[in-house]
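I have placed the structure first, in the form of structure tokens, so that the comments after it can refer back to it.
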């Protein structure tokens, strides 16, 4: 029996995801979004437009395994904050990872590609995440399972493009002008997209709140 056939007595068919249809081009943007901010929205909009996606999912994780999660707001509160900011008919907010019972991207992607083999999923992340992607659990498997789109973030371009992951995947990198092709390609395949930059960050916003600013 595979790891996803049952989950706490439930079949994986009982795990609710947003609608998926054969051939759908779906961007997956995961994170704790604590709190969501303009930088996240720029990444989402850029991916949606440049990759010609049908949907962009904000995948709200129950907790980031590489960060301290003490004081992390409830998932429902974070979803509400995202939906108040990301008002776009092609953007969907989902917490199915909470039902899946994992904070790890590799397991999330494995589940989705097995459940929906005819969809075209793309992993979306900011350049700051590419810089540390080699610390993620089973990061090579992620790169072999879905194409990856990396969106520029202020101060991270050079660190990201010089990272172990970027070097490891260098021969699979597309030029920006071919962005619309990415969802249809077999992985590994990835690209780096330039876009308007926002200096907002969740860390800075949390610090500002804590100081009462």
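Read-outs throughout are calculated quantities, based only on the coordinates presented, and are distinct from any laboratory measurement. From a predicted model like this one, the values you see are computed outputs, not experimental measurements. Note: ideal-geometry Cβ built from the backbone for every residue, glycine included; neighbour counts use all protein chains shown.
Only Cα pairs under 8 Å and 6+ residues apart enter the sum, and on that basis the relative contact order of the stretch 87-179 stands at 28 percent. Exposure proxy ranking for 21, 156, 57, based on other Cβ atoms within 10 angstrom of each Cβ and starting from the fewest, stands as 21, 156, 57.
Binning the alpha carbon pair distances of the stretch 26-148 at 5 angstrom intervals from zero yields the distribution 2, 11, 22, 26, 23, 14, 3, 0, expressed in whole percent.
Using only Cα coordinates, the Kirkwood hydrodynamic radius of the stretch 81-175 works out to 14.9 Å.
The order of 111, 133, going from fewest to most other C-beta atoms within 10 Å of their C-beta, is 111, 133.
Pairwise Cα distances in the stretch 133-196 exceed 16 Å for 44 percent of all pairs.
As a length-normalised measure over Cα pairs under 8 Å and 6 or more apart, the relative contact order of the stretch 29-210 settles at 26 percent. Each residue in 95, 184 was given a count of other beta-carbon atoms within 10 angstrom of its own, and listing them fewest first yields 184, 95.
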